[in-house]
Amino acid sequence: MTLELLSTVVVRKHTPRPPAPPPEVFPSPGVPWALILILVGGVALVGLIGYLSYLSTKRRRLGFQTMARQLGLSYSLEDPFGLLGGPFALFQKGDGRGVENVLSGVWQGLDLRAFDYWYYDESTDSEGRTSRSYYRFDCAIVPIGAACPALSIGRETFFTRMAGALSFHDIEFEDEAFNRAFNVRGNDRKFANDLVDARMMQWLLEHGADYGVEVVGNRVLVAGSKIPPTELVQLIGTAKGFIDHVPEVVLSLYPVSG
């Protein structure tokens with residue numbers, strides 16, 4: 001073997017191989033990474049929404065607890081009184097309903113229950129998928145010293161459909177401004193006129209715009225849209241104001257038996 005050939009063999013023997021190429025940074029076209037990223041993002045979004053809902057619920061509970069301490073009332077997360085068993089039309093709405101965050105006790109001489117209330121309507125589309133529409137309220141129930149026939153008072157868009165479900169009849173009064181502002185329904189027209197006198201009409205025009213009122217037996221329900229816990233005093237105060245404006249004739253003509 002010649003010296004030149006030997007040198008060539010040695011050079012070939014000791015020449016290093018080129019480094020292996022780095023692994024692919026981008027996935028192969030066969031992996032649906034876009035779909036995977038969308039799914040991961042969707043799961044993360046659902047988790048974020050659930051966490052924010054949890055924080056909102058927790059803050060609301062703490063807000064009710066704070067208001068209970070400030071007002072000298074008791075707080076319960078769940079309903080210890082069976083409030084949904086009451087005879088109010090609002091509690092008969094929807095396909096499902098619930099009560100939570102209940103304040104109870106005596107406030108300015110008035111025994112009351114104030115709470116969150118919700119109900120939902122359930123619907124099914126043409127493909128069999130079920131969905132729910134929720135409606136949320138804040139309510140106060142207070143006693144009235146009379147045995148009252150069922151009566152509802154509210155803005156035309158608030159309690160009218162609810163009262164219509166019970167076949168109540170709209171009652172007109174001599175005050176046209178009141179008639180335009182409120183819808184009063186009940187089966188006992190005399191009781192309606194006894195309860196909703198001129199003084200009560202004026203108070204409702206000034207303070208009752210944001211609420212619906214139901215009177216059944218010896219209980220009054222005042223309900224409005226869901227509000228922050230710090231505004232519960234306004235709801236409770238409205239319930240007390242209504243009771244304070246009940247005419248004395250109602251208490252004498254419709255006494256509570258026993």
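The values are calculated or read from the model by the stated rules, or taken from the named source; none is laboratory data. Predicted model only: the values in this text are computed from it and were never measured. Cβ coordinates were reconstructed from backbone atoms using ideal geometry, including for glycine residues, and neighbour counts include every protein chain displayed. Accessible surface is based on the protein model in full, side chains and every heavy atom, while ligands, DNA and RNA are left aside. Shrake-Rupley method; radii C 1.70, N 1.55, O 1.52, S 1.80 Å.
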- Query: Can you tell me which of Asn218, Asn179, Asn187, Asn183 is in contact with a Pro (Cβ under 9 Å, 6 or more places away or on another chain) and at pLDDT below 95?
  - Reply: Asn187
- Item | In segment 237-258, residue nearest to Leu103 (Cα to Cα) [restricted to those that are open to solvent by less than 40 Å² (accessible area, probe 1.4 Å) and hydrophobic (A, V, I, L, M, F, W, C)] | Ala239
- How many residues of segment 221-241 are in contact (Cβ under 8 Å) with a residue 40 or more places away in the chain and more than 20 Å from the chain's Cα centre (by Cα)? The answer is 1
- Item | Failed criterion for Tyr117 (all others in (1) open to solvent by 10 Å² or more (accessible area, probe 1.4 Å); (2) under 13 Å from the mean Cα position of the chain (by Cα); (3) of a type in the set (Ser, Thr, Tyr) hold) | (1)
- Item | Hey, Glu78 of a type in the set (D, E, K, R), surrounded by fewer than 15 Cβ atoms within 10 Å (Cβ to Cβ) and within 20 Å of Arg60 (Cβ to Cβ) or not | yes
- Task: Determine, yes or no, whether Phe173 is open to solvent by 10 Å² or more (accessible area, probe 1.4 Å) and either outside any strand (DSSP E or B) or modelled with pLDDT of 95 or more (or both).
- Result: yes
- Sort through Glu127, Glu78, Glu100 and tell me the only one that's under 22 Å from the mean Cα position of the chain (by Cα) and assigned to a loop (DSSP other than H, G, I, E, B). Glu78
- Query: In this structure, does Ala89 turn out to be buried (at least 16 other Cβ atoms within 10 Å of the Cβ), of a type in the set (A, V, I, L, M) and more than 17 Å from Glu231 (Cβ to Cβ)?
  - Reply: yes
- When both residues are 6+ apart or on different chains and their Cβ atoms are under 6 Å apart, which pairs have a first residue that lies in segment 120-146 and is more than 27 Å from Arg61 (Cβ to Cβ), and a second that is surrounded by 12 or more Cβ atoms within 10 Å (Cβ to Cβ)? Ile144/Asn218; Ile144/Val220; Gly145/Leu251; Ala146/Val250; Ala146/Leu251; Ala146/Tyr254
- Query: Among the listed residues Gly63, Gly109, Gly30, which satisfies the condition of being of a type in the set (Gly, Ala, Ser), modelled with pLDDT of 65 or more and surrounded by fewer than 12 Cβ atoms within 10 Å (Cβ to Cβ)?
  - Reply: Gly109
- Message: Condition (residue is farther than 22 Å from Ala239 by Cβ, among the polar types (S, T, N, Q) and not in a loop (DSSP other than H, G, I, E, B)) applied to segment 105-123: is it met by at least one residue?
- Response: yes
